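Visitor: Handing you a structure now.
The values are calculated or read from the model by the stated rules, or taken from the named source; none is laboratory data. Please read these numbers as outputs of a predicted model, since none were measured by experiment. So basically every Cβ, Gly included, is an ideal-geometry build from the backbone, and we count neighbours across all protein chains shown. SASA here: full protein model, heavy atoms, side chains in, ligands and nucleic acids out. Shrake-Rupley method; radii C 1.70, N 1.55, O 1.52, S 1.80 Å.
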Amino acid sequence: MNTFSAPKGTYDLLPPSSAVYLAIRERLSAPLRRSGYGYIETPVFEDIKLFSRGVGESTDIVSKEMYSLTTKGGDELGLRPEGTASVVRATLQANLHKLGNLPVKLWYSGSFYRYERAQKGRYRQFAQIGAEAIGAEDPALDAELIILADDAFRSLGLTNYQLLVNSLGDKECRPVYRTALVDFLAGLDLDEDTRRRAEINPLRVLDDKRQSVQDQLVDAPMLRDYLCEACKAYDEQVRALLTAAGVAFVDDPKLVRGLDYYTRTTFEFVHGGLGAQSAIGGGGRYDGLSEMLGGPALPSVGWGLGVDRTFLAMEAEGIVLELPATTSVYAVALGEEAKNVLFGKVTELRRAGIATDLAFGVKTIKNAMKSADRSGARFALVAGDRDLAAGVVQLKDMTTGEQTPVELEALVTTLKEKQL
Ligand code: HAM
């Protein structure tokens, strides 16, 4: 019979590297958890219109990459391609914006789904740590989030990345710029597809990766030159706060991002060791999204950091995290009686907070000691019926090979003193 494989563009997280993923999630979210962000979880599927309206009909994410399904009851659902639309939907639904202080600060950790061309660093199911601050227009909030993302990456030891920053303007100045850009694009030699894209969202053309297109864009009007006074002042304040916090950034006037809800501040963290899939995180301000979803005006800002790409970035920089040993003590029982006694001790050690494992289904002592070795434990506990009769177990230091008898009664305290 054929065996099964994980679907294209997905992969299994397996030990031991899965422990690194957990640690990455932990560290990427730690700065948020100490900055007033509360944890939120939303369904992995939503009414498909939430995404077409929120993320934007013209985006690749919605028009080409969405996993959609019709339920037996006839509901049209989409697997979430990103988290922001869901978080704003949940905020509005629960009236979080009316219940407490603004901004509503939320963070999440989860899987997202995009039917992309799968390759290294680009998956059809991937994980993000995300943050959204909903309901405040304040450059300090944009700066806070960018600083927290930078702190998060630094806490993992990453250094080979750049922060790109841009402003996309607001509903005053963007339409003026849009008209100028449309006029400019009309004079270029663009293929049918690109032209259609230009009609729906001309800014997206600036993001085209093809050299032939980029060459024609050299003299394109830049949004920066069209920003209204309010947007310019806002942008300058965000930048000043970043500089004061010691966060380096590069101005990228062509950074438009792949989602339609952005206004004003947009940013992306790009890593130098990842080739084409270089964005390890990105985000920005989305002042109009709540209204697009039928809510009141709630100016907001947020980001999503890619867990999978952060893992690859760490690999590229040769960073190895110091993780606590999964097993500190490994118990090997020689004989039925010994097994029962040792099993009890293993439970006691675990309850005392010491990571302990036990050899199950032991055939030979040699095999069991090999398992002890493979487990990475610092100590093995070996007990035969004779040891138990004497009320002791043998404690073997796996590094030195040294073996000493320890009173059964004193076992937990002895091991605790070794600070495992
Ligand atoms: P995004 O830029 O589409 O933004 O995704 C954020 C990050 O998720 C990317 O920088 C990348 O690291 C990771 N990512 C995206 N697609 C894939 C993929 N196919 N495979 C692996 N990693 C991927 C958003 O999703 C916005 N919701 C961020 C945001 C929050 N903006 C405001 N609030």
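Visitor: Can you list the helices (runs of 4 or more DSSP H) lying wholly within region 47-166 that have 3 or more residues being charged (D, E, K, R) and open to solvent by less than 10 Å² (accessible area, probe 1.4 Å)?
Guide: Counting at least 3 such residues, we get no helices (runs of 4 or more DSSP H) at all.
Visitor: Which count do you get for residues in region 382-420 that are under 15 Å from ALA325 (Cβ atoms) and open to solvent by less than 60 Å² (accessible area, probe 1.4 Å)?
Guide: 3
Visitor: Still on this structure: Any idea how many residues of region 8-32 are part of a loop (DSSP other than H, G, I, E, B) and within 14 Å of the ligand (Cβ to nearest atom)?
Guide: Total meeting the criteria: 5.
Visitor: For GLY344, only one of the following conditions fails: (1) away from the ligand (no atom under 13 Å from the Cβ); (2) assigned by TED's automatic domain parsing to the domain that holds TRP107. What is its number?
Guide: Looking at each condition in turn, GLY344 falls short on (2).
Visitor: Test GLY187 against the stated conditions and say whether it is open to solvent by 50 Å² or more (accessible area, probe 1.4 Å), among the small types (Gly, Ala, Ser) and not assigned by TED's automatic domain parsing to the domain that holds LEU145.
Guide: Yes; evaluated as a whole, the condition is true for this residue.
Visitor: Here's something else I'd like to know. Among (1) in a helix (DSSP H, G or I); (2) closer than 19 Å to ARG178 by Cβ; (3) not polar (S, T, N, Q), there is one condition LEU255 misses while meeting the rest; what is its number?
Guide: Every condition holds for LEU255 apart from (1).
Visitor: In addition: Which one is modelled with the lowest pLDDT among residues in region 12-70 that are within 29 Å of SER155 (Cβ to Cβ) and of a type in the set (S, T, N, Q)?
Guide: Going through the qualifying residues, I end up with SER17.
Visitor: Identify all residues within region 370-420 that are β-branched (Val, Ile, Thr) and outside any loop (DSSP other than H, G, I, E, B); write none if there are none.
Guide: VAL382, VAL392, VAL393, THR404, VAL406, VAL412, THR413, THR414
Visitor: Residue by residue through region 397-420, note down the ones that are within 17 Å of LEU358 (Cα to Cα) and without any contact (Cβ under 8 Å) to a residue 24 or more places away in the chain.
Guide: ASP397
Visitor: Restricting attention to region 353-364, does a residue exist that is exposed (fewer than 14 other Cβ atoms within 10 Å of the Cβ) and farther than 26 Å from SER18 by Cβ?
Guide: yes
Visitor: Now a separate question. Return the pairs, sorted by first residue and then second, in which the second residue is part of a loop (DSSP other than H, G, I, E, B) and hydroxyl-bearing (Ser, Thr, Tyr), the first residue lies in region 48-63 and is more than 16 Å from VAL256 (Cα to Cα), the beta carbons are less than 7 Å apart, and the residues are 6+ apart or on different chains.
Guide: GLY54/TYR261
Visitor: If you don't mind, there's one more thing I want to ask. Between SER111, SER155, which is farther than 17 Å from LEU298 by Cα, touching a Lys or Arg at 6+ places or on another chain (Cβ under 9 Å) and more than 15 Å from the ligand (Cβ to nearest atom)?
Guide: Just a single option satisfies the conditions, and that option is SER155.
Visitor: Check region 316-327 and report whether any residue there is within 16 Å of the ligand (Cβ to nearest atom) and among the hydrophobic types (A, V, I, L, M, F, W, C).
Guide: Yes: region 316-327 contains one or more residues that are within 16 Å of the ligand (Cβ to nearest atom) and among the hydrophobic types (A, V, I, L, M, F, W, C).
Visitor: Within region 215-229, track down each residue that is surrounded by 14 or more Cβ atoms within 10 Å (Cβ to Cβ) and either touching a strand residue (DSSP E or B) at 6+ places or on another chain (Cβ under 7 Å) or assigned to a helix (DSSP H, G or I) (or both).
Guide: GLN216, LEU223, ARG224, TYR226, LEU227
A quick yes/no check of all residues on (1) closer than 28 Å to GLY54 by Cα; (2) out of contact with any helix residue (DSSP H, G or I) (no Cβ under 8 Å at 6 or more places or on another chain); (3) more than 16 Å from the ligand (Cβ to nearest atom):
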site	(1), (2), (3)
VAL238	yes, no, no
GLY246	no, yes, yes
TYR286	yes, no, no
PRO296	yes, no, yes
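Visitor: Which pairs do you get when a residue that is assigned by TED's automatic domain parsing to the domain that holds TYR234 and open to solvent by 40 Å² or more (accessible area, probe 1.4 Å), found in region 276-299, comes within reach of a residue that is part of a strand (DSSP E or B) and charged (D, E, K, R), reach meaning Cβ atoms under 9 angstrom, with the pair 6+ apart or on two chains?
Guide: ALA276/ARG122
Visitor: Hey, another quick one. Of these, VAL165, VAL182, which one is in the same structural domain as SER58 (by TED's automatic domain parsing) and out of contact with any Cys (no Cβ under 7 Å at 6 or more places or on another chain)?
Guide: Unique residue meeting the criteria: VAL165.
Visitor: Taking only region 239-275 into account, find how many residues are at positive phi, at pLDDT 95 or above and crowded, with 18+ Cβ neighbours inside 10 Å.
Guide: The total comes to 1.
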